1. Could you go through the stretch 105-112 and let me know if any residue there is under 30 Å from P132 (Cβ atoms), in a helix (DSSP H, G or I), at pLDDT below 95 and not small (G, A, S).
2. Could you pull out the residue among I147, I100 that is modelled with pLDDT under 95, more than 29 Å from P24 (Cα to Cα) and buried (at least 19 other Cβ atoms within 10 Å of the Cβ)?
3. Any residue that is among the hydroxyl-bearing types (S, T, Y), closer than 30 Å to M125 by Cβ, modelled with pLDDT of 90 or more and part of a loop (DSSP other than H, G, I, E, B) - is there at least one of those in the stretch 191-206?
4. I'd like to verify a number: residues in the stretch 53-80 that are in a helix (DSSP H, G or I), over 16 Å from V109 (Cβ atoms) and either aromatic (F, W, Y) or out of contact with any helix residue (DSSP H, G or I) (no Cβ under 8 Å at 6 or more places or on another chain) (or both), how many?
5. Before we move on, is P283 assigned by TED's automatic domain parsing to the domain that holds F191 and at pLDDT 95 or above?
6. Taking V294 and the conditions (1) assigned to a strand (DSSP E or B); (2) in contact with a Ser or Thr (Cβ under 6 Å, 6 or more places away or on another chain), which numbered condition does it fall short on, given that it satisfies the others?
7. Could you please give the count of residues in the stretch 30-88 that are in contact (Cβ under 8 Å) with a residue 40 or more places away in the chain and of a type in the set (D, E)?
8. Restricting to the stretch 384-432, name every residue that is under 30 Å from H270 (Cβ atoms) and either part of a loop (DSSP other than H, G, I, E, B) or modelled with pLDDT of 95 or more (or both).
Amino acid sequence: MIESLFSWESLRFGLSLLGCFFHPYTLEESEGLLRREAMDRTKNFLFLCEKEVFAQQRSPYFQLFRNAGFAWDGLRSLLESRGLEAALARLAAAGVYLDIEEFKGKKPVIRGDLCFRLDNSLLDMAQGPSVPLESSGSRGPRMRTPIGLDGLKLQSSFLPYLLRSIGASELPVVLYYPMPSTPGVVHLLAFTLAGKPPAALFSQVPYHRPGRSDVGRRLAFLVAAARLRGLHLPLPRFADLRHPKEMAAWLSQKCSHGACVATFPGSALHLVQAAKDEKISLPRLTFILGGEPVTARKRAALESEGHRVIPWYGTVEQGRISVGCLSPSSSDDMHLLSDRLAVVKRRPNGDGPSRLVEPFLFTSLSPAAHKLFINVENGDSGAVEPRHCGCPWESVGLETHLHSIQSFEKLNMEGMTFDAATLAGLVEEILPAAYGGTPADYQFAEEEDKDGVTRLIVFVSPGVDVEEVELTERVLNALSASKPTITPMAEVIERAGTVVVRREYPRPTSSGKINPLRKER
């Protein structure tokens, strides 16, 4: 994202962004928007379809609707008779959906005689001046998703209600993300637009001071412009991922009554462990965690130290998707932000990465969405269920819960995502060619250790002659090359000690197959 975020396509965007900082969402506005938009979901979806699909014959969704036999009147009748989610499920069964490979342009969209390759830019929703957010590239070429001021405001609109619901309205907000990065800067902007500019911004990797890079200069310009108008925004400061004692000390000294810390689950664990090692007494922290699964072990490790855990879930293309239930039934039980999104599941079929699971299909309901989604896979699957929990999210109409969320095509480590195909390439070709043996002599596993930290285990048959340090470096280089970015991802996972080599035979499945990758938690 960030190379162009602070180049700003126009002065108007920059001035408007700064102006919005001084008119943040109030708690009353946040709660009112959630309640109103949750009530108007079907009406909002019809509005989007009328404006962005049936009035735009270039829209890929127009082609899918027409191929499935749905005109505008037919869609409206379907929604009136079945309701939103049932209608979306019926549309998906009729072929109105995009799987993850179609959405990413990795294969053509084929529905009977209809065949086309998706131009992803046709789904962009930003109006007026915008800046491009950039996906991780874990699923192929890195995708740019323009986001305008309305999109940024959408990402901040629920935050005052979230902070009030978790009892954190008066606590300082602290961010801990690699800088520069999309999550780091987007959360800096979103919390500021919600009236809670972060008190501090820590980075897991060294941040180049202004003058050392274009990004540093542009970030410094934004911070300086805000400060000139009386709004203090923080610049990043380094807190080593493996042992962030500087951040632990700052929290102990500056936040005696607690703080709300937004970061990745792995980074939260490293922070708590560093405080224990350095005998630093942390205040009670409320961790808002995303970017990788919040497993039962990770959650328990943090809660056993007296801290609170609130999971949330989102993607670059969709923005925030769900936020943690306050009466959870599982470690990652969350409420779908159904004011802006609908979700159904699709039966497994075809030969793509989702062939063995029931993937999520998401649909946009807000005109401020980053992209127009109508039954689009995002590469994840999990449980979708209505449940009465009695927590504040239910009281504003958010009754759908998501939990047990897993990706079926990527790895999540230290908040970074990596394409499983990269690891398969290492197993099938690169490692056997470099060190000998066959693909059956190598295997990767995503495992969670006793402290809840996720590791990438490289199993290597004992008979293969290889230096572990050299093999680790080769794996890190391959992961880094698979997702080029201005944030040094290889450095992030190297600092975390994420890659571990084990001299053991790869483990077969119950059917005797040796898969290149397996997940164990």
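The values are calculated or read from the model by the stated rules, or taken from the named source; none is laboratory data. What you see is a predicted model; the values in this text were computed from it and never measured. Ideal geometry is used to build each Cβ from the backbone, glycine not excepted, and the neighbour counts take in all protein chains shown.
1. Among the residues of the stretch 105-112, not one is under 30 Å from P132 (Cβ atoms), in a helix (DSSP H, G or I), at pLDDT below 95 and not small (G, A, S), which makes the answer no.
2. On the way: I147 fails: more than 29 Å from P24 (Cα to Cα).
Sole residue among the options that is modelled with pLDDT under 95, more than 29 Å from P24 (Cα to Cα) and buried (at least 19 other Cβ atoms within 10 Å of the Cβ): I100.
3. Start the filter on the stretch 191-206 by keeping residues that are among the hydroxyl-bearing types (S, T, Y), which leaves 192, 203.
Those left that are additionally closer than 30 Å to M125 by Cβ: 192.
Still in the running and modelled with pLDDT of 90 or more: 192.
Subset that is part of a loop (DSSP other than H, G, I, E, B): none.
No: zero hits.
4. Start the filter on the stretch 53-80 by keeping residues that are in a helix (DSSP H, G or I), which leaves 53-54, 60-68, 72-80.
Now restrict to residues that are over 16 Å from V109 (Cβ atoms): 54, 72-80.
Then drop every residue that is not either aromatic (F, W, Y) or out of contact with any helix residue (DSSP H, G or I) (no Cβ under 8 Å at 6 or more places or on another chain) (or both), which leaves 54, 72-74, 77, 80.
Summing the residues that are in a helix (DSSP H, G or I), over 16 Å from V109 (Cβ atoms) and either aromatic (F, W, Y) or out of contact with any helix residue (DSSP H, G or I) (no Cβ under 8 Å at 6 or more places or on another chain) (or both) in the stretch 53-80 gives 6.
5. Numbers: assigned by TED's automatic domain parsing to the domain that holds F191: yes; at pLDDT 95 or above: yes.
Taking the combined requirement at face value, the residue satisfies it.
6. Condition (1) is where V294 drops out.
7. Number satisfying all stated conditions: 4.
8. Listed by number, the residues that qualify are C391, W393, H401, L402, H403, F408, E409, E414, G415.
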